[in-house]
Amino acid sequence: MRILVVEDEKKVASFIKRGLEEEGFLVDVAYDGEEGRYMAETNPYDLILMDVMLPKKDGLTVVRELREKGMSAPVLCLTAKDTVDDIVSGLDSGSDDYLTKPFAFAELLARVRALLRRGGQDRGAEILFADLRLDPVAHKVWRSNKEIDLTAKEYALLEYFMRNPNQTLTRTMIAEHVWDYTFDSFTNIIDVYVNYLRKKVDKDFDKKLIHTVRGAGYVLKEE
């Protein structure tokens, strides 16, 4: 999952980025409102962490402008202000949640996971598809109650599939969300990892879930 952090305090931004990357997220950072808006408009993010007090353009204005342009990614606002009016202003701008500084990273992580679940399938901590079950907190996966041992990259790839079921995911989309780079047509790394995943998720089961869409990409669906 890919997250944009818009935070002008570089130590805070570094702290958040490092912590989220340790949890397996891909993280980009912008240090002012204008840069944050540009990055949010030109890259596909699953979640945005937006500081309110930013140089060049404040965070609430950025969120409002992004919503007006149709951006649907959940937004968690970060701010030192904690009055009721401040919180209401943040939510009215189009933000989904509000976290007051200073905060513990554990709380930030819990809010991030909650927003990601809300944006996809809101079924408690787990994501379900057919007989496949993924726990994004424990980073564990089961099929028909049999636990599947995945590497970190295989897990990230499967989580992306499970948060976007029945949708054709192009190699470019997968590269941007799971590998954090634009897909190079000369590399087959995505095809290799999808093959690894198929061997672990589908090989021992009659019903296959990961399918190739010829000339387009891959899709997680029931046959």
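The values are calculated or read from the model by the stated rules, or taken from the named source; none is laboratory data. Quick caveat: nothing in here was measured; it's all calculated off a predicted structure. Reconstructed Cβ throughout: ideal geometry from the backbone, glycine too, with neighbour counts over all protein chains shown. For the accessible areas, the whole protein counts, side chains as well, though only heavy atoms, and no ligand, DNA or RNA atoms are used. Shrake-Rupley method; radii C 1.70, N 1.55, O 1.52, S 1.80 Å.
Partner aspartates and glutamates whose Cα lies under 15 Å from the Cα of Lys10, excluding those fewer than 8 positions away in the same chain, are identified as Asp28, Asp32, Glu35, Asp51. In the set [x] 27; [y] 20; [z] 39, the label that goes with percent of Cα pairs over 30 Å apart computed for this structure is [x]. Applying a threshold of 23 Å to the alpha-carbon distances of Lys11/Lys69; Lys199/Lys221; Lys17/Lys200; Lys101/Lys153 flags Lys11/Lys69; Lys17/Lys200; Lys101/Lys153 as lying beyond it.
If you count only protein heavy atoms with a 1.4 Å probe, what accessible area per residue comes out for the stretch 2-119, rounded to a whole Å²? Don't skip to the end; give the middle numbers.
Details: 5510 Å² over 118 residues.
I get 47 Å² per residue for the stretch 2-119.
Ranked highest first by average number of other Cβ atoms within 10 Å, how do 199-209, 54-64, 166-176 line up? Write down the numbers at each step before the final one.
Details: 199-209: 13.6, 54-64: 19.7, 166-176: 16.6.
Averaged packing, sorted descending, gives the order 54-64, 166-176, 199-209.
Modelled this way, with points 7 Å down the Cα-to-C-beta line, the labels at Lys140 and Glu223 are 2.9 nm from one another. Note on Asp204 and Ala110: the extension gain reaches 30.4 nm, defined as 0.36 nm multiplied by sequence separation minus the Cα-Cα distance.
Using the Cβ-Cβ distance between Arg214 and Val192 with R0 set to 30 Å, the FRET efficiency from 1/(1 + (r/R0)^6) comes to roughly 0.95.
When the label point is put 7 Å from the Cα of Ser72 along its Cα-to-beta-carbon vector, which residues of the stretch 25-54 have a backbone N closer than 19 Å? Only 40-49 fall inside the zone, counting backbone N under 19 Å.
In the chain, the portion of solvent-accessible area held by carbon and sulfur atoms comes to 48 percent [1.4 Å probe, whole percent, DNA, RNA and ligands not counted].
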